[in-house]
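Inspection log for the structure reproduced underneath, given as structure tokens.
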Amino acid sequence: MSEEMTTQEAWHQGSQGAKAAYARRRITVDPITRLEGHGKIDIFLDQAGEVERAYFQVPELRGFEKFAEGRPAEDMPQITSRICGVCPTAHHMAATKTLDALYKVDPPPAAKKIRELVYSAFMAEDHLLHFYFLGGPDFVVGPEAPAAQRNILGVIATVGEETGRQVIAMRRRLREIITMVGGKVIHPVLGLPGGVAKRVTAEQQTEIRRTAADAVEFARFTLDLFRKVVLGNPGYVELILSDAFTHRTYYMGVMDEKNRPNFYDGQIRVVSPEGGEWAKFAPADYLDYVAEHVEPWSYVKFCYLKPFGWQGFTDGMESGIFSVAPLARLNAADAMSTPLAQEAFEEMYATLGGKPVHHTLANHWARVVEVLNATERLKELADDPELIDPNVRTLPTETPREGVGVVEAPRGTLFHHYVTDSRGIIEKANLIVATQNNSARMAMSVEKAAKGLISKGVVSEGILNKVEMAFRAYDPCHACATHSLPGSMPLVVEVHGPAGETLSRLRRDSDGSLHRE
Amino acid sequence: MPDKPKVAFYWCASCGGCEEAVVDLAEKILDVVAAVDIVFWPVALDFKKSDVEAMEDGSILASFVNGAIRTTEQEEMALLLRRKSKVLVAFGSCAHLGGIPALANLWDREAIFDTAYRTTASTVNPEGTLPQVSLAHNGDRVHLPGFYNTVRALDQVTEVDYYIPGCAPTPNIIAGAVETLLGGDLPPAGTVLTPDIALCEDCPRLDTKPQELTIERFRRPHEVIADEGTCLLAQGLLCMGPATRSGCGHLCINGNMPCTGCFGPTSKVRDQGAKYLSAIASMLGFEDEAAIDRALDGIPDPVGTFYRYGLAGSLLRRRKMTPVDA
């Protein structure tokens, strides 16, 4: 009863706040929403002009967990893929594996291979999107280059138009595999409990093999490019190692039995900031390890390791904050599952001083290692004679009740958890989306950059680029607000004095141009 | 040389799939870029809302808006682009009919918040904290956008000239629509820029669809191994083909899964779900109620099935819980 009152009171308070916010917005253009594609950072200064608090806010909420209720479980792979149209295959596959668990059904070998084939193609094309179009411009064109050139056009100018066309064509061909095998590439339809909707034919396999072989070569080319451009420049390496982008957190990733990253399936391993194994657990046990914290100033929830309790935005051994995505996966791994990726993995850790690497910007390097891993795995599966076995479904016979499914999305560990009635109708759904796992660390990155760059009330314009590089390395996916194709996310930074007055407002548009308002 | 036509892209409550759909034009996107002057595309290009505001009314040839309308800001932006554009195009299922996010219209804001921030299994929130649209801090306030109780399609907010359907629209549909709009010979306002026939009519499995289809029992997709060449309805699977517009290239059918209706209805149909219900009624060849109930056991979620992408734009629109307030 009293809890109900609290809800009502909180709701009333929220409505009052909304009215106040709308009233204010008439005076100032509120930049927080995706209206202008802006993320928003609010920075508050103390009496001495030093940063007291910085907020990096995410204006996303669409309520999938609520409107999943009442839907048949078998529709979840197609419904939850609509959480993200850039990484729909991750949600589709996590949901499909949740259905396996829900119905306690084991897909035939060919079905598992088809799923992992699709997933490997997806991982490769999504990472390529980030490397060449989103994050890569920082390094390929260079962090010191004029901002207006730090975009895909700048990348093409640097690597040559022929290579630019190759990037576009390679992504297209990898995505065509998903269309061929999974029906659609933006929101695939192959996943069912116990298997996939259709078999792969011998003809299709021939085409897939051709693409897979070319993809491995393209991944090697991408690594060479990264080596030449980044490792050939001591300034870049120094930037990767700089303290502004460093946090000593825990790291999480899905591993095979030899503790090698597996994007499609395995156990979840967590290593500590010192590198030792802290936990390794089955997806079904995730609630013992992962919890989500709510802050009133963002729609995104903040994940932490449950046994530590929520310790606030702080890193170190006693903090439960952890990180996911390419660097976290490699930090949580002992080795890679394919030879070229293994070589690249060893080279990365040798260069950066051993495991774990705490430098956020090393995510770009780790992502290239994973492109190799994904394409090599794609090729293994494409060459597998069992891929075309016609037996791709095991019909479920058990009564459904509860299931958990986990995959590694490009942006990190993704959890789906459904509870159903005996007909398989969803009663409760819980979704922990990859970027949420990183949200606490990302908020810390933003605050650290702000504190490092602002002193005595003086705001350096450089804060925008530095802060942006810090969080872009995670390839964050906030309601797609940050899927900024040419590599520069538009940003607004507001600085407020101790009395709450706005001291300055900086806007950096997607072409990199700066505006002080 | 005359100025190239000005074009804008914008997103509201969406997943980013519509933006990917444009990128999926792949090599062809270079032709589009050559033919038009993209004056506004937040995801990809420099932009300022103030730049759009400064443009003369009607100076943009066409604005393509994807996503449903969930917040006041999205509504404002839709109205602004309407004013500045000769042609406003609803791009993709969410702008067209509400899309999957409109399934949230089966609840209200409070229920959605309560689930997301309080009752989900991994959420630890003993104090019941909720995100606040306006939060006091040192006398200043940190803002979050509030959102409406009801998700709306674009034409429930402002006048829409054309629709490009699909979740997501396919590259050939997009290329065709852009060509039509640039060609100058504009179709009547309100046109959905795809073939105006039902999916069944050009389905590769049409030959196996019986003239008079009788279904004894609907089967859910996980209950049956579907033959890859036979009409899915004839196999008892609920395929939305009879009530859905064609033009997608039968992607889901090619994936051996039933159509879920993302292209919406043809121009002859006002309400996709109602149309499908009447189609079903004619497929059930029974008189006795028990037999009909048994047949319908395979459709445990009629609203989420018949209105998967179209609840906001349908005659139902939403479940009544709270008024459509701010």
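In the stretch A:64-93, the residues that give up 50 Å² or more of accessible area when the other protein chains are added, compared with the chain on its own (1.4 Å probe), are A:LYS66, A:PHE67, A:ARG71, A:GLU74, A:GLN78, A:ARG82. Just checking the listed ones, B:ASN105, B:ASN172, B:ASN125: in the Gaussian network model of chain B with Cα springs under 10 Å, the one fluctuating most is B:ASN125. Set against the 2.2 N^0.38 Å expectation for a compact globular protein, the stretch B:156-214 has a Cα radius of gyration ratio of 1.48.
For the stretch A:248-317 versus the stretch A:74-139, the spacing of their alpha-carbon centroids is 20 Å. Burial here means at least 30 square angstrom less accessible surface with every protein chain in place than with the chain by itself, probed at 1.4 Å; in the stretch A:165-187 the buried residues are A:ARG165, A:ILE168, A:ARG172, A:ARG175, A:GLY183, A:LYS184, A:ILE186. Per residue, the convex hull spanned by the alpha carbons of the stretch B:66-215 comes to 206 Å³.
Give the relative contact order (percent, whole number) for the stretch B:199-306; include only Cα pairs under 8 Å separated by 6+ residues.
Numbers: 136 pairs, mean separation 34.2, N = 108.
Relative CO of the stretch B:199-306 lands at 32 percent.
Give, as a single signed number, the net charge of other residues whose beta carbon lies under 12 Å from the beta carbon of A:ILE168, with Lys and Arg counted +1 and Asp and Glu -1. Residues near A:ILE168 contribute +1 overall.
With R₀ fixed at 45 Å, the C-beta to C-beta distance from B:VAL124 to A:GLU346 puts the FRET efficiency at about 0.70. Counting heavy atoms of the protein chains alone, B:THR120 has an accessible area of about 10 Å² for a 1.4 Å probe. In the assembled protein chains, A:ASP100 presents an accessible area of approximately 20 Å² (probe radius 1.4 Å). Which percent of the accessible heavy-atom area of the stretch A:154-194 goes to carbon and sulfur, probe 1.4 angstrom? About 53 percent, which is the carbon plus sulfur part of the accessible surface.
Karplus-based coupling profile of the stretch B:215-226, in residue order and whole Hz: 10, 7, 7, 6, 10, 7, x, 7, 8, 9, 8, 7, with θ = phi - 60° in 6.51 cos²θ - 1.76 cosθ + 1.60 and x standing for Gly or Pro.
Note down the net charge around B:ASP37, summing +1 for each Lys or Arg and -1 for each Asp or Glu among other residues with Cβ under 12 Å from its Cβ.
Numbers: positive: B:LYS4, B:LYS6; negative: B:ASP3.
Here the charged neighbours net out to +1.
Take the accessible area of B alone and of A alone, subtract that of the pair with a 1.4 Å probe, and the total buried over both chains is about 9000 Å². Pairs exceeding a 21 Å alpha-carbon distance, out of A:LYS113/A:LYS198; B:LYS4/B:LYS84; A:LYS97/A:LYS301; A:LYS280/A:LYS448; B:LYS6/B:LYS268: A:LYS97/A:LYS301; A:LYS280/A:LYS448; B:LYS6/B:LYS268. Ranking A:ALA279, A:ALA328, A:GLY312 by how far each Cα lies toward the positive end of the dipole of the stretch A:219-346 (charges on Cβ) leaves A:ALA328 at the top.
Hey, got a sec? Which GluC sites (Glu not before Pro) in the stretch B:162-224 land in a DSSP loop and have at most 10 other Cβ atoms within 10 Å? Provide the component values of the computation, followed by the final result.
Working: sites: B:GLU179, B:GLU201, B:GLU212, B:GLU216, B:GLU223; in loops: B:GLU212, B:GLU216.
Here the GluC sites (Glu not before Pro) that fit, given the DSSP loop and packing criteria, are B:GLU212.
Karplus-based coupling profile of the stretch A:127-133, in residue order and whole Hz: 5, 5, 4, 5, 4, 8, 9, with θ = phi - 60° in 6.51 cos²θ - 1.76 cosθ + 1.60 and x standing for Gly or Pro. Of all lysines in the structure, the ones whose alpha carbon falls short of 25 Å from that of B:LYS320, not counting any fewer than 8 places away in one chain, are A:LYS19, A:LYS66, A:LYS428, B:LYS275. Note that the stretch B:199-306 carries a Kirkwood radius of 14.1 Å, evaluated over its alpha carbons pair by pair.
In chain B, the portion of solvent-accessible area held by carbon and sulfur atoms comes to 53 percent [1.4 Å probe, whole percent, DNA, RNA and ligands not counted].
Would you pull out the residues with amide H under 5 Å of B:THR150's amide H, same chain only if 5 or more places away, H placed 1.01 Å from N? For B:THR150, whose amide H was placed from the backbone, there are no distant partners under 5 Å.
Contact-buried residues of the stretch A:197-231, at a threshold of 30 Å² lost accessible area versus the chain by itself: A:ALA197, A:LYS198 (1.4 Å probe; DNA, RNA and ligands ignored). Under 9 Å from the Cβ of A:GLN436, count the other residues' Cβ atoms, weight Lys and Arg +1, Asp and Glu -1, and hand me the total. Around A:GLN436, the surrounding residues sum to 0. Once the convex hull of all Cα atoms in chain B is built, its volume per residue stands at 184 Å³.
The stretch B:159-228 and the stretch A:210-237 have Cα centres spaced 42 Å apart.
Quickly estimate the mean residue ellipticity at 222 nm for chain B, helices only: each DSSP H run with n ≥ 4 gives -39500 (n - 2.57), and the total goes over all residues, rounded to 500. Intermediate results must be reported in sequence, preceding the final value.
Details: 11 runs with 87 residues, N = 326.
Calculated mean residue ellipticity at 222 nm is -7000 deg cm²/dmol.
Remark: the stretch B:199-306 carries 45 Å² of accessible area per residue (probe radius 1.4 Å; ligands, DNA and RNA excluded). Summarising the amide proton neighbourhood of B:SER134: residues at separation of 5 or more, or on other chains, whose placed amide H is nearer than 5 Å comprise B:LEU144. GNM remark for chain B: springs join alpha carbons under 10 Å apart, and the peak mean-square fluctuation among B:GLY183, B:GLY58, B:GLY310 falls on B:GLY183. For the set A:THR360, A:THR158, solvent exposure ranked by accessible area (probe 1.4 Å, protein chains only) runs largest to smallest as A:THR158, A:THR360. Using Cβ point charges alone (K and R +1, D and E -1), the dipole size of chain B about the Cα centre works out to roughly 460 debye. Think of chain B as having a plus end and a minus end, set by charges on the Cβ of Lys, Arg, Asp and Glu; of B:THR123, B:ALA136, B:THR191, B:ALA136 sits farthest toward the positive end of this dipole.
The values are calculated or read from the model by the stated rules, or taken from the named source; none is laboratory data. Note that the structure is a prediction, hence the values are computed from the model and not measured. Note that we place each Cβ from the backbone using ideal geometry, even for glycine, and neighbour counts take in every protein chain shown. For accessibility, only protein heavy atoms count, side chains too; no ligands or nucleic acids. Shrake-Rupley method; radii C 1.70, N 1.55, O 1.52, S 1.80 Å.
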